[in-house]
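First comes the structure, then the notes that go with it.
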Amino acid sequence: MVVTIRSLGLQGITGYEVSVECALSGGLPAFDVVGLPDAAVKESRERVRAAIKSCGAKFPVSRITVNLAPAALRKEGTVYDLPILLGLLAAQGDIGPPPETAAFLGELSLTGALRPITGMLPMAMAAARDGVKELYVPAENAAEATLAGGLTVYPVGHVEELLGHLQGRAPIPPAQPWAPGRSEDTGPDFAEVMGQENVKRALEIAAAGGHNILLIGSPGAGKSMLARRLPSILPDMTRREALEATEVWSVAGLTDRRHPLLQRRPFRSPHHTVSAVALAGGGAVPRPGEISLAHNGVLFLDELPEFAKDAMEVLRQPLEDGEVTITRTAGSVCLPSRFMLVCAMNPCRCGWRGHSSGRCSCTDAMVEKYVSRISGPMLDRMDLHVEVPSVEFEAMRRRQSPEPSSAIKARVDAARARQAERFAGSGVSCNAHMTAARVGEFCKLDGAGERILKAAFDRMGLTARSHDRILRVARTIADLEGEAGISAAHLAEAIQYRNTEILRR
């Protein structure tokens, strides 16, 4: 007899339906799992065997064949333990075949208890797309599974509970849809930063338009402190953005029952020793990297010149495309990577170039060598280049409180609302993601603006990319001011943020 149990699998961060076919036949006892299983799937034989015996059921003494279809896709992980167990019990007649509208997934312990799995959200969303009505998952994953919508999710703590439910003896109450509670943790606040008003202004512009920003200053000037407060002024994620980001975190195993959905934009700050694979994602079986974990959020690279060259250069294509494609022998996956890039660096190796103390000991050649670790194409993708001066003593002793993040965020939200109205129905969420055609449509200049931009283009040797990025930043500045058009003042402020000469002072 062959019994088919519906289950789910993952390819990258995309879920798909898997049919677990269990067959019992005559011959010497054996237990074979086919359908391109990995080592974890093959080991399910021992977990299933022990779990069945722990529940008081009889393990079938016959030739067992389990096929995971579609057989052309590689199956990995421990999600198939539960459907294999149910398939074997149904094949030998201990229980009836489960409903065709139900799907099962979960890892088994040797005692029959269910352990949580990773990637629940994308698999639950795939189940909803494929017409599954009831989804049986480990109790720890139930809250996350309810986020998919359109499913009746049953939290299962132990196999015996599930068997009692399927046989009608003790129904399992379905999980209630998870709803976010009120969060009091807003993270670091700009009210804690004394001085640095020019840098705060640049970060406000970056947040309002989703622009990349490079902070350059001596040690202790507050570059990292300022960057870590950027999430506090970013607009709240929409439901779609939150689900997209949570899918990536779910596959990476970073969600739990108390926090099944990302409520704040992610902020990732990898150490400068990170490899290119860890940044972009990959491995024998492709997995999300830091740039995908920062999707719809911020990727902060502190001490930028200390990163390996190949790690820095791997960012170039994702910054343009908003996604990264990883190809390995195990397959090819496309991962989302639409993030704000925030970088910080010292002006030279010792860090004190241009400081009023005069303690810098670097020669011009040493500064040139240090700065040259960042390639021209990488610098060209940074919308704002901002100098972070050392904080003066008077600013540190100032008694009045600086402007809080809530006030800055209100202006950012207003600017983003104007952009949402402008790009309604286009799939573009902010000015930084405008295509070249939309730049020409929404970033028109008057005569004075044209003359200013032409002079800057000739004097600074701008590229076509930097030309468009200046216009996008100018559009954001105008949005912050509530202006319909880009004035000469907006454009002039945008141009000053492209001054790469601050790297060589």
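The values are calculated or read from the model by the stated rules, or taken from the named source; none is laboratory data. This is a predicted model, so every value here is computed, not measured. No Cβ is skipped: glycine too gets one built from the backbone with ideal geometry, and neighbour counts run over all protein chains shown. When the accessible area is computed, the model is the full protein with side chains, heavy atoms only, and any ligands, DNA or RNA have been set aside. Shrake-Rupley method; radii C 1.70, N 1.55, O 1.52, S 1.80 Å.
Observations on the structure shown:
- Leading residue by the ranking (farthest from Ser429 (Cα to Cα)) among those in segment 450-483 that are modelled with pLDDT under 90 and outside any helix (DSSP H, G or I): Gly461
- Any chance Met237 is free of Cβ contacts under 8 Å to residues at least 60 places away in the same chain and open to solvent by 20 Å² or more (accessible area, probe 1.4 Å): yes
- Selection from segment 10-61 of residues that are on the phi > 0 side of the Ramachandran plot and either at pLDDT 90 or above or touching a Lys or Arg at 6+ places or on another chain (Cβ under 9 Å) (or both): Gly12, Gly27, Gly35, Leu36
- Test: Ala311 is among the aliphatic types (A, V, I, L, M), modelled with pLDDT under 95 and either in contact with a helix residue (DSSP H, G or I) (Cβ under 9 Å, 6 or more places away or on another chain) or buried (at least 22 other Cβ atoms within 10 Å of the Cβ) (or both): yes
- Selected residue (only one of Arg349, Arg411, Arg422, Arg338 is under 23 Å from the mean Cα position of the chain (by Cα) and not hydrophobic (A, V, I, L, M, F, W, C)): Arg338
- Residue among Val132, Val156 that is more than 23 Å from Ala57 (Cα to Cα), in contact (Cβ under 8 Å) with a residue 12 or more places away in the chain and over 25 Å from the mean Cα position of the chain (by Cα): Val132
- Sole residue being open to solvent by 50 Å² or more (accessible area, probe 1.4 Å) and touching a residue at least 12 places away in the same chain (Cβ under 8 Å), chosen from Glu192, Glu161, Glu197, Glu144: Glu192
- Of the residues screened, Leu254 is not one that is crowded, with 20+ Cβ neighbours inside 10 Å, in a loop (DSSP other than H, G, I, E, B), under 16 Å from the mean Cα position of the chain (by Cα) and in contact (Cβ under 8 Å) with a residue 24 or more places away in the chain.
- The set of residues in segment 125-146 that are in contact with a Pro (Cβ under 6 Å, 6 or more places away or on another chain) and outside any strand (DSSP E or B) comprises Ala139, Glu140, Asn141, Ala142, Ala143, Glu144, Thr146.
- Selection within segment 321-352 - under 22 Å from Gly283 (Cβ atoms), among the aliphatic types (A, V, I, L, M) and at pLDDT 90 or above: Val324, Leu335
- Yes/no for Val298 being under 21 Å from Pro266 (Cα atoms), crowded, with 20+ Cβ neighbours inside 10 Å, in contact with a Phe, Trp or Tyr (Cβ under 9 Å, 6 or more places away or on another chain) and among the β-branched types (Val, Ile, Thr): yes
- A single member of Gly440, Gly425, Gly447 is at positive phi and either at pLDDT 90 or above or surrounded by fewer than 16 Cβ atoms within 10 Å (Cβ to Cβ) (or both), and it is Gly425.
- Residue match in segment 177-191 (condition: more than 29 Å from Phe423 (Cα to Cα), at pLDDT below 95 and not in a loop (DSSP other than H, G, I, E, B)): yes
- When the residues of segment 1-43 are filtered to those that are in a loop (DSSP other than H, G, I, E, B) and aliphatic (A, V, I, L, M), the one that is least open to solvent (accessible area, probe 1.4 Å) is Ile13.
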